[in-house]
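Everything on this sheet refers to the single structure shown next.
The values are calculated or read from the model by the stated rules, or taken from the named source; none is laboratory data. Keep in mind that what you see is a predicted model, and the values were worked out from it rather than measured. FYI the Cβ positions are ideal-geometry reconstructions off the backbone, even for glycines, and counts take in every protein chain you see. For accessibility, only protein heavy atoms count, side chains too; no ligands or nucleic acids. Shrake-Rupley method; radii C 1.70, N 1.55, O 1.52, S 1.80 Å.
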Amino acid sequence: MIEIENVRKSFGNLEVVKGVDLTVNKGEVVSIIGGSGSGKSTLLMCINGLEAIQGGQIRVDGTPVHASGTDLNKLRQKIGIVFQQWNAFPHLTVMENVMLAPRKVLGKSRQEAEEIAVRQLTHVGLGDKLKVFPSKLSGGQQQRMAIARALAMSPDYMLFDEATSALDPQLVGEVLDTMRLLAEEGMTMVLVTHEIRFARDVSDRVAFFRDGKIHEIGSPDQVIGQPQRAETADFLKSVL
Ligand SMILES: Nc1ncnc2c1ncn2[C@@H]1O[C@H](COP(=O)(O)OP(=O)(O)OP(=O)(O)O)[C@@H](O)[C@H]1O
Ligand SMILES: [Mg+2]
């Protein structure tokens, strides 16, 4: 599980995460919603150690992410992350792109890596695009390739940061469907999203971020359906 305890994060003098507590249990899907600049992406980056923290602690399966003795490369193998956009290697096919990390990081043989790539690309609905180059994929297909690439490392956790917000509206659905499939399969997921209806649908819990803090957290029906705090309601009104 992911345990976030009183985490504080600053950029210079600007504190952007101001004491966040959040535990994500195995198999749980937690969505983080909130306005621009509220610290959502920053918190996500802290979870896999892409950002240092100035206070508190984050543990993943008991391992303190920011402790000096922690092998971050090893830790990151179990935490897949998907951003708004992933720049695939243009000279490699879709399959070769997905094979890269299993080969280089996990030391898999070419054949093993191929099997993994085929399995994961099929999983996200790209079984017919194995041999094409990334530039031939639609935006939605590229994002699904990015998900397959993360899944190729057999992660225990998946973090998504606005995985659909760079997409044309008609391509959003196919990526959300892939994310929904992972959630249904029991993947432990933390997702930052502006897709409020999707968050309500797939999440076990929703956290509303405001000014570097979790302003409100609870079940989707509570936080999105019947927000207790005025700021949550205002935010939802502004995006729905
Ligand atoms: N590398 C950085 N250096 C300095 N300031 C940063 C850096 N990254 C983020 N910030 C600042 O930290 C604050 C939180 O940013 P963050 O990206 O976490 O917000 P967010 O909630 O993800 O917003 P959005 O919905 O727009 O993606 C913002 O004020 C931002 O300007
Ligand atoms: Mg962000």
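Side notes on the structure shown:
- Matching helices (runs of 4 or more DSSP H) fully within the range 77-169 where at least 3 residues are without any contact (Cβ under 8 Å) to a residue 60 or more places away in the chain and within 15 Å of the chain's Cα centre (by Cα): 139-151
- Looking only at residues of the range 206-216 that are under 22 Å from R8 (Cβ atoms) and under 18 Å from the mean Cα position of the chain (by Cα), we find that the one that is most open to solvent (accessible area, probe 1.4 Å) is I214.
- Checking each residue in the range 15-49 for being on the phi < 0 side of the Ramachandran plot, in a loop (DSSP other than H, G, I, E, B) and either touching a residue at least 12 places away in the same chain (Cβ under 8 Å) or away from ligand 2 (no atom under 16 Å from the Cβ) (or both) picks out N25, K26, E28, G35, S38, N48.
- Checking each residue in the range 152-167 for being in contact with a Lys or Arg (Cβ under 9 Å, 6 or more places away or on another chain) and either more than 16 Å from ligand 1 (Cβ to nearest atom) or among the polar types (S, T, N, Q) (or both) picks out A152, M153, S154, P155, D156, Y157.
- Sole exception among (1) over 16 Å from the mean Cα position of the chain (by Cα); (2) among the aliphatic types (A, V, I, L, M); (3) closer than 18 Å to Q84 by Cβ; (4) modelled with pLDDT under 95 for L240, by number: (3)
- Filter result for I58 (within 12 Å of ligand 1 (Cβ to nearest atom), in a strand (DSSP E or B) and under 18 Å from the mean Cα position of the chain (by Cα)): no
- Scan of the range 194-205 for residues that are open to solvent by 40 Å² or more (accessible area, probe 1.4 Å) and either in contact with a helix residue (DSSP H, G or I) (Cβ under 7 Å, 6 or more places away or on another chain) or in a helix (DSSP H, G or I) (or both), ordered by number: H194, E195, R197, R200, D201
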